[in-house]
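See structure below.
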Amino acid sequence: MNTTYTKLETWCLANRKLATAPAFILLLVFAKPSALSLTIGAIMVCLGEMGRTWSSGYIDKNAKLATAGPYRFTRNPLYFFNAVIFVGFCMMAYNLWAALFGIISFTIIYRATMRSEAEFIAPIFGEEFTKWTAVVPMFWPKWTNYPAQGQFSWALVGKHREQKNALAMLAGIILFFGIYAIQSQ
């Protein structure tokens with residue numbers, strides 16, 4: 001891998017929220033939503049947030065390896081559902097160029113993040129992590145028969161402050177509907 005790309009990944013890893021901002025801003029600035037794109041996009045954003053809530057209810061970070069719920073199908077369901085949310089917002093914006101920029105940005109940011117987190121937790125969970133990674137894919141969900149350990153907990157959802165993320169998603173949806181209303185005048 002070339003050093004410029006490696007530096008970009010390293011910066012994105014350290015500044016994930018800041019790195020995602022330009023993609024979202026481009027989606028807003030160049031948005032040309034339609035009633036259909038808003039509807040489909042808003043449904044995707046809501047499904048993605050439901051998936052994030054489902055995922056948050058199983059993960060007790062660094063305390064035990066989450067292998068139940070969505071963690072049976074992907075090692076990074078929170079990031080997978082972030083992708084669903086992002087694609088939903090791209091649908092709402094209905095602008096191919098802004099969406100392409102966003103997808104490239106998303107890939108750079110989350111690829112580095114997933115690799116870094118795997119390197120961090122591998123020594124914490126050792127052989128259990130190794131067995132899990134041999135069966136469960138890093139990102140794209142796949143049906144597996146991996147033995148589930150753990151159960152859903154609303155307390156974990158609250159601990160991860162997923163309600164704040166849900167409110168941010170709602171604000172984003174409202175923003176795109178506002179853009180549509182202004183452009184429709």
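Scanning for something within 23 Å of Tyr71 (Cα to Cα) and part of a helix (DSSP H, G or I), does the range 171-183 turn up at least one residue? Among the residues of the range 171-183, not one is within 23 Å of Tyr71 (Cα to Cα) and part of a helix (DSSP H, G or I), which makes the answer no.
Any chance the range 58-81 includes a residue that's outside any loop (DSSP other than H, G, I, E, B) and either among the acidic types (Asp, Glu) or free of Cβ contacts under 8 Å to residues at least 24 places away in the same chain (or both)? Looking for residues that are outside any loop (DSSP other than H, G, I, E, B) and either among the acidic types (Asp, Glu) or free of Cβ contacts under 8 Å to residues at least 24 places away in the same chain (or both), one finds at least one in the range 58-81, hence yes.
The residues of the range 90-116 that are among the charged types (D, E, K, R) and either farther than 18 Å from Thr20 by Cα or surrounded by fewer than 16 Cβ atoms within 10 Å (Cβ to Cβ) (or both) amount to a single one, Arg115. The residue that is farthest from Ser56 (Cα to Cα), among those in the range 134-158 that are touching a residue at least 40 places away in the same chain (Cβ under 8 Å) and outside any loop (DSSP other than H, G, I, E, B), is Trp154. Checked across the range 119-136, the condition of being surrounded by 11 or more Cβ atoms within 10 Å (Cβ to Cβ), more than 23 Å from the chain's Cα centre (by Cα) and at positive phi holds for at least one residue. So is Arg52 closer than 22 Å to Val136 by Cα, part of a loop (DSSP other than H, G, I, E, B) and touching a residue at least 40 places away in the same chain (Cβ under 8 Å) or not? No: the conditions fail for Arg52.
Does any residue of the range 100-116 turn out to be more than 16 Å from Gly51 (Cβ to Cβ), at pLDDT below 95, over 18 Å from the mean Cα position of the chain (by Cα) and not hydroxyl-bearing (Ser, Thr, Tyr)? No, because not a single residue in the range 100-116 is more than 16 Å from Gly51 (Cβ to Cβ), at pLDDT below 95, over 18 Å from the mean Cα position of the chain (by Cα) and not hydroxyl-bearing (Ser, Thr, Tyr). Residue pairs whose Cβ atoms lie under 6 Å apart, separated by 6 or more positions or on different chains, with the first residue in the range 112-123 and free of Cβ contacts under 8 Å to residues at least 40 places away in the same chain and the second loosely packed, with under 15 Cβ neighbours inside 10 Å and part of a helix (DSSP H, G or I), do not occur. Here Glu127 meets the list (1) without any contact (Cβ under 8 Å) to a residue 12 or more places away in the chain; (2) assigned to a loop (DSSP other than H, G, I, E, B); (3) among the charged types (D, E, K, R) almost entirely, failing just condition (2).
The number of residues in the range 160-183 being within 20 Å of the chain's Cα centre (by Cα) and either exposed (fewer than 14 other Cβ atoms within 10 Å of the Cβ) or without any contact (Cβ under 8 Å) to a residue 60 or more places away in the chain (or both) comes to 8.
The values are calculated or read from the model by the stated rules, or taken from the named source; none is laboratory data. Since this is a predicted model, take the numbers as computed values, not measurements. Every residue, glycine among them, receives a Cβ derived from its backbone with ideal geometry; neighbour counts consider all protein chains shown.
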